[in-house]
Structures are given as C-alpha cells and as structure tokens.
1. Just the number: Rg to Rh for the chain, Cα atoms, Kirkwood Rh, two decimals.
2. On a straight-distance basis, which lysines could pair with LYS102 in a cross-link, Cα separation under 23 angstrom, same-chain partners fewer than 8 positions away excluded?
3. Considering the zone a paramagnetic label at ILE136 would reach in this model (a point 7 Å from Cα along the Cα-to-Cβ line), which residues of region 62-100 have amide N under 15 Å from it?
4. What's the exposure ranking of MET1, MET200, MET33, going from fewest to most Cβ atoms within 10 Å?
5. What order do you get for 292-299, 106-113, 7-14, 321-328 when each peptide is scored by the mean count of other beta carbon atoms within 10 Å, highest first?
6. Over the chain, with a Gaussian network built from C-alpha contacts below 10 Å, which listed residue (ASN85, ASN148, ASN194) shows the highest mean-square fluctuation?
7. Distance between Cα centroids, region 202-216 to region 41-69: provide it in whole Å.
8. Return, ordered by residue number, the residues of region 326-360 whose backbone nitrogen is under 16 Å from a label point located 7 Å along Cα→Cβ of GLU277.
Amino acid sequence: MRVHNFGAGPCTLPADVLEEARDEMLDFAGAGMSVVEMSHRSDEYDAVHAETLRLTRTVSGCPDDFDILFVQVGAMLQFGMIPMNLAGADPVGYLVTGAWGKGAFEDAALVANAYPAWDGSSEGFRRMPDPGEIEIRDATRYLHITTNETIGGIRMVEFPDVGVPLVGDMSSEYLARPIDWDRYDLVYGGVQKNLAPAGMAVVFIRREVTERTPQTLPKYLRYDWHAKTDSLGNTPPMFPIYIMGKVLARIEAGGGVEALEAASARKAGLIYDVIDESGGFYTNPVAPDCRSHMNVVFTLGTLDLESRFLSGAEERRMIGLKGHRSVGGCRASLYAALSEESAAALAAYMREFAADNRDS
Ligand SMILES: *Cc1c(COP(=O)(O)O)cnc(C)c1O
C-alpha cells in the first residue's frame, strides 16, 4: 500500500506512471530492453526525448523564441551556470528570500559581480519583498528570484516588474503556476519536486540570450551547446526525461498548469484552514499573503507534541512531515502528484490530534 508522501523532494509520482514504467522495464515498445539500457542515439530513445521536449513546451506554454534544455545535476548547477553564461562584467541582482535564494546568490558571487537586491534574512525569511523594496543597481543584467522558497514555505504572488529581465528558480512549484514569459530571460528548476525523479534541471532560456553564450566556458556549462544539440550532446539523463514525459502527459490531460495551480491552492487551503482554526495549537510563521501553496510549514507548542504528532502521522502512513533540519518544525509538501485525498487525510489527522492534545 502506498504512503501519503509529504516529503519536500524527491516527490511522490503518479502511481499509474510508476506502473507503466514497471510494465515497460524489461521490454520498452518491443525493443527487448528498457529505455535506460538503450543507446541515446537509438530511434526508440529519440522518440521519447522528442516527445518529452514537445510536452514540456506545450504544457508550460513556452513561446517559440525560448530554447528548452535538459541539463544534468539539478537546480544547484544552475546557480553557477546562470551567472557564468549571462553576467559577463555586469552586476546581477539577487533576492535573498530564503535558503535557496541565498544559495543562488552565494554561488553567483563566486563567479560574477552579484549583489543582494533585497535580503530577508534579518526578518527570518517570513515574507517576499514588496516591489518597492527591491533595489536595482545601474546596468544590472538580471534579477534572480526564487518564486517559492521550499524551506521557509513562502511564495512570490507576483513576479516583480523591475525594469530588468528576471531569472527565476521555480524548482518547488515547477509548472504548477503560469509563467509571464515576457518578464524572463531564463526560468529553471530541478525536476524532482513536481515532475520526475531527480537528476536534471529543465532550463527555459530566451534564444537571443542563448546566442550570447561566452565561448570561453567548458562545453557542458554552455547553454548554446545544450541548445544546439537538443540536450543530446552527451548521454542525457534518460530516466528522468522518460518519466517526465509520462508525468507531463497526465498534467496535460488533467487540464494543464492552470488546473495544477488551482489544485495546489485547494490542497494548501485545507491545511492552512486547520492551522488558522486551531486557536494557536498549530502556528505558521509566514506573512499571510506569502503563504506557499506547495510547502506548508507549521509548529506545535512543544518539541514533545511535535514528535508525538510526527509518530502518529507515521502510524497513519503519512511520511515526510518533519521540517527542514535548519528550521525544525513540521512541513507538508503538497507537490503535483500528491492527491487531494492525501491533503484531506492530513487535515483530518491534524484536527483530531489538536482535539486530543489541546490541554496536554
Ligand atoms: C530543491 C531546490 C533546489 C535544489 O535543487 P537540486 O535539484 O537538488 O539541486 C533549488 N532551489 C529550490 C527552490 C529548491 O526547492
């Protein structure tokens, strides 16, 4: 029996995708082998790769003047690749909105002239900045934003319009909200939160930006090389690409990004309602208008209550609810493939636990 998986990443995946992959594991499409055993130059794999690329474009609504790249590793390699490819000698601004925004800034500062355009660390990363608080310096090449901070549980409701192109890390809400392509030069994210097993990032990059890639970088770090080769310049991460194709086909059939966005809001709403109606039994530290739809963080009054809450959850096959080691507390991640039934089951358990323990 499957668990209710509230883990922050890697994520739960649709059961029917896993079943289909299982059925194809010994013999994919009559090839007599699985997708992960075949040549990445074979016709069979080529069709898988092309179909995942096609679905990535249609589901995301990505315009034709953007390239779509599948780059190994995950979001963190992009922390370095982006400034190496885009910044040159120009200043680049970063919103330090949480652990990930800070990580992106720190890596950029090693290879480029990066500065914090806003820093929420002194406030404990409980909110995103208002547009008027973002300070953009002259000649800034781009502003880097983290649209959903996975650890702090905060989300940016509007992508800021600050007069310079945006670069967005959308890892933890990837394709679960529409993207204002006009504002962006580059959008990226690791696929292991909403879309696929770990092992790669999807990078959307404006083609005129791809064309300005510095030729002084090693090949794998160059966006134009990935674009020119359709992400087949070396052995691609075939397993995540294969599974992501199946996940995207389900997202498309289920109503696409808009439907996912609405479902995420509903699932998160179930948990926030319990928190808000608990009379302080559960607390969420985030500014109400910045509450994440993907990662709901909350604390209970004492560590003892918290550990009893977590073990009771495990008895009910609800796993992955412990908060990030850097902040403690609890966190329910409600990624794309987590069902509304799972979110409702957690909400019911939270109500029951609060009722049983209110006076202890
Ligand atoms: C998980 C996460 C990352 C790190 O992704 P990896 O693919 O593990 O490198 C970066 N940014 C955000 C917002 C994340 O949620």
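A short reminder: the numbers here are calculations on the coordinates, not readings from a lab. Quick caveat, the model's predicted, so the values are computed rather than measured. Here Cβ is always computed from backbone atoms with ideal geometry, including for glycine, and neighbour counts include all displayed protein chains.
1. Value, to two decimals: 0.98.
2. Excluding near neighbours in sequence, the set is LYS193, LYS322.
3. In region 62-100, the label zone of ILE136 (backbone N under 15 Å from the point 7 Å along Cα→Cβ) covers 91-95.
4. MET1, MET33, MET200
5. 292-299, 7-14, 106-113, 321-328
6. ASN85
7. 17
8. 343-356
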